[in-house]
Each structure stands twice: as structure tokens, then as C-alpha cells.
Amino acid sequence: MSARQTPSNCKLNHFFKIQQRGSTIRREIIAGLTTFLAMVYSVIVVPGMLGQAGFPPTAVFIATCLVAGFGSLLMGLWANLPMAIGCAISLTAFTAFSLVLSQQVSIPVALGAVFLMGCLFTFISITGVRSFILRSMPKGIAQGTGIGIGLFLLLIAANGIGLVVKNEQAGLPVALGQFTSFPVIMSLIGLAVIFGLERRKTPGGVLMVIIVISIIGLIFDPQVKYQGFFKLPTLGEDGLSLLFSMDIVGALQPVVLPSLFALVMTAIFDATGTIRAVAGQAQLLDKNGQIIDGGKALTADSVSSIFAGVIGASPAAVYIESAAGTAAGGKTGLTAVVVGLLFLVILFLSPLSYLVPSYATAPALMYVGLLMLSNVAQLDFNDFIDAVSGLLCAVFIVLTCNIVTGIMLGFTGLVIGRICAGEWHKLNIGTVLIAIILVAFYISGLAI
């Protein structure tokens, strides 16, 4: 044992297989901090969304931190993958605006639906249905999902800083925003700096950019204010008042069941596609193109949704922002463990979450999005239908801002294309079955 290699480091290396996967403890910690900073906005956005539907914001803030802490620790310690889990923004919006506000479902019933969704999701995961979906996903569509998520990240980041905005005039739906605004300038400069630092192979370059831009924002941006350092979580009436408040029986009412089914279907394909894309970017696929310990990863995020329903939060899923950590070099569960611990710490340091503006994390997300576009090079155009089906999937993920929609169109295009080309023998039962289920899901009007 060298002088530099302490016994604790040896244990970490052995438990997380850090050296085996070509990483280091320092790199994993930096990757975890990078992912955390890229997704810490969720502790503000999720309580804001659910608060509009009548959820007590303080309770949701605590629940959001606990879900991210529990889910990420489970993913890291059990599945040993660098993927962080948190309350899914898309499913949060559906819970708040569709279930509670539009359908007038009570908060306990909505939480009951989240809990049941997690139970069904877990059942589907442990019985191998989600693994079957992954195995049945053609290579082109698997690569296309990664490309689409990369484009999606670019759009999310660009829209978040006002570089790309909704077009209020006639024409295309998006337009160039305020190019000379402070957030846009800082983000684009930050992105260019990341290019240079990564080219020089500077350790922690992405994280350095996030921290430096946050400091600059604190100095020059009046909207970024220091609001304190420590704040004890409120445990009173507005604290953990949603704990064990789910109404499971109410969630089984016929009027709620279609929404429950929509939650499950969306979670299956959205989260599964995200996990596959992040694992691919981190080069954590086996020789058959399957995720290393993928079964555990699929179960970890579904179990986290059960936990979310119990403590009063929206459904959980692997965050796309996990790709920021893998871009920073994260390859093991230690990255996810760092994220989980930081979310538990932020319970007591919540004012600090306001010191990282969106334009500080936007360069990291845009950089990751660009990296994920490298999946284009892995498309095999010798199998033309497989390749263009993957591109169809990618393009419509970003055009519809919905991962499931892109996957549905990719599967449909592949199946119909194979049949019309007389290549039906290249199809397997799983691919055809998934395509039929997805099309039926959309035709029924249940798609989120």
C-alpha cells in the first residue's frame, strides 16, 4: 500500500470499483458536486409547482430534499451507478396541474396515486418488464434517445437563460431571445471556457465554471442575493404534515385510474430512456450494449417513487442532469452518493441554493447536451431503417419536449419501415409489442 493510498480509500475503491472503471475518488466527488449543482434547482421548482396546487411549500421542500437524498444514495450504494434521482419535473407538473388543479383530485388522493404508481413501477422493474423493454430497444433508437436528450438539454438550458424564447409572432414556435443580456453572455462565455478547460483536461473544469459564474452573479447580479447560510427545517404544521397522508383507496377510484396509468407509462419510458442515455454517455454498457447493473438502476428509481408518495412529494426519476456528472468523469455510485448526501445537507443550508443562478449551470447542461450529440457517430447507416428511426426519435424528443413521444415515433417508424422494406424478419416480438402499446397509449389520449 502506498503512502498516498489510505485504508479508507482502498475500501472506497473496492466497494465502488472506482479504479476498475477507470476513475478516481477525487473525480467521483467532483462529478457528484457537479451533478448536485446542476439539479439543485429542483428544491425551488418542485415546491413552487406543487405549492400552486395547494401543497404546503415547506413540507414539499423537505420532501424534495429527502427524495433526492434517499434515491441517489440507493442508486449509488446499491446499483453503483453515477445517476442522481429526484422529483421528476414533468411528473411534478402533471401531479400539480392535471391531477389536483384540473381534475380537482385532493392532495391525499394525488399522493396515493404517486404511491401506487411507485408500487406498480417497482413491480414492473423487479419482474423484468423494464429490462425486457431495454433489451427490445433497437440500437438506433437507443442511440437516438441519447441524441434527443442531448438536444433537449440544450433547449432547456438555452430557454432557462433566455437565449431561446417562445415566439409570440407568426412563424416557428421559438425565437432568439435577448442575446446581450447578462445571463446569456455569462452562459456563452462559460460554455466556451468549458471547451478550453476540457480540451486541456483540467480536472473539475465544469464545476469550476459553475462556481466562478455563481460568484460573479453574486457580485454583479442584483437578483442573486446572499440570504443566509443556515436554516433549520420546519417540523411543525407546515413541515412534515404530508407524511403518510396518501389516500390509497381514493386513488383507486375509476376517475383517477387513467391518470395513474399515464403516470406509470410515462415513467417507464421516460426514466428508462434517460437511464440508458446517461449510462451510454458514461460508457457503462456491457458488450451487448446493456447497462451494467441495469436491473438495480431501474428498481432504484421506482422504489424512490414509493418513498415520494409516503413523505408527500411528486414521483421520482433519474435526472437528465446526471449527465453533467458523467461528463465530469463520474463512473461509479460514489458520484450518486455525494449527490444524495449534499441534498440531505441542503435541508439545513437551504439559503445557499439561491446562490447558484440558472446561468451558472446552463453552460454545464449545454456542454453535456453537445457531448451527447456524439451518439450520431454511433448510428449504423448500413442499417438505414434503424439509423433513421433513431434520428426520428431524437428529433421529436426535442420538438415535442417529451422523451416518450420521441421513443414512440421511433418504434413506430422502425416497425412500419421494416415491414414496407420487406425486412420484417429483422423485427422481434418485443419491438413490435412495445410499438403497439405506445401507439395505443397515445391514441387513447392518456399521454402526458
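The values are calculated or read from the model by the stated rules, or taken from the named source; none is laboratory data. Since the model is a prediction, treat every value here as computed from it, not as a measurement. Using ideal geometry, Cβ is built from the backbone for each residue, glycine included, and neighbour counts are taken over all protein chains shown. Side chains are part of the model used for accessible areas, which takes the heavy atoms of the whole protein and leaves out ligands, DNA and RNA. Shrake-Rupley method; radii C 1.70, N 1.55, O 1.52, S 1.80 Å.
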Inset, instruction - Whenever you get a sec, compute what percent of the accessible area on the chain sits on carbon and sulfur atoms (1.4 Å probe). - result: 68
Inset, instruction - Please list the non-local residues whose amide H lies under 5 Å from the amide H of GLY312, H modeled 1.01 Å from N, same-chain partners needing a gap of 5 or more. - result: PHE244
Legend entry - Links that overshoot a 19 Å alpha carbon limit, given the list LYS296/LYS426; LYS11/LYS331; LYS17/LYS139; LYS139/LYS201: LYS296/LYS426; LYS17/LYS139; LYS139/LYS201
Legend entry - For the chain, built as a Gaussian network whose Cα springs stay under 10 Å, the top-fluctuating residue of ILE292, ILE403, ILE429: ILE429
Inset, instruction - Name the residue, out of ASP380, ASP301, ASP286, whose mean-square fluctuation peaks in a Gaussian network model built on the chain with Cα pairs under 10 Å. - result: ASP286
Inset, instruction - Counting helices only, and only those DSSP H runs with n ≥ 4, report the 222 nm mean residue ellipticity of the chain as the sum of -39,500 (n - 2.57) divided by its residues, in deg cm²/dmol to the nearest 500. - result: -20000 deg cm²/dmol
Inset, instruction - Place a +1 charge on the Cβ of each Lys and Arg in the chain and a -1 charge on the Cβ of each Asp and Glu, then give the dipole magnitude about the Cα centre in debye, rounded to the nearest 20. - result: 1140
Legend entry - Residue among PRO203, PRO254, PRO315 with the largest mean-square fluctuation in a Gaussian network model of the chain, springs linking Cα atoms under 10 Å: PRO254
Inset, instruction - Please calculate how many Å² of accessible area the chain carries per residue, with a 1.4 Å probe and no DNA, RNA or ligand atoms counted. - result: 43
Legend entry - DSSP H segments from the chain that extend 30 Å or more along their own axis, Cα-based, with Kyte-Doolittle mean of -1.0 or above: 139-161, 257-281
Legend entry - Probe 1.4 Å - accessible area at HIS14, Å² to nearest ten: 150
Inset, instruction - Quick one: grab Rg to one decimal and Dmax as a whole number for the stretch 322-448, Cα atoms only, in Å. - result: 19.7, 62
Legend entry - Sequence of TYR354, TYR367 when ordered by accessible area, the most exposed leading, probe 1.4 angstrom: TYR354, TYR367
Legend entry - Relative contact order (percent, whole number), the stretch 395-448, Cα cutoff 8 Å, 6+ residue spacing: 28
Legend entry - In the stretch 307-348, the chymotrypsin sites (Phe, Trp or Tyr not before Pro) that fall in loop regions by DSSP, at most 16 other Cβ within 10 Å: PHE348
Inset, instruction - For GLU321, GLU198, give the ranking by accessible area with the largest first, probe 1.4 Å. - result: GLU198, GLU321
Inset, instruction - Compute the signed sum of charges (Lys and Arg +1, Asp and Glu -1) over the other residues within less than 13 Å, Cβ to Cβ, of ILE385. - result: -1
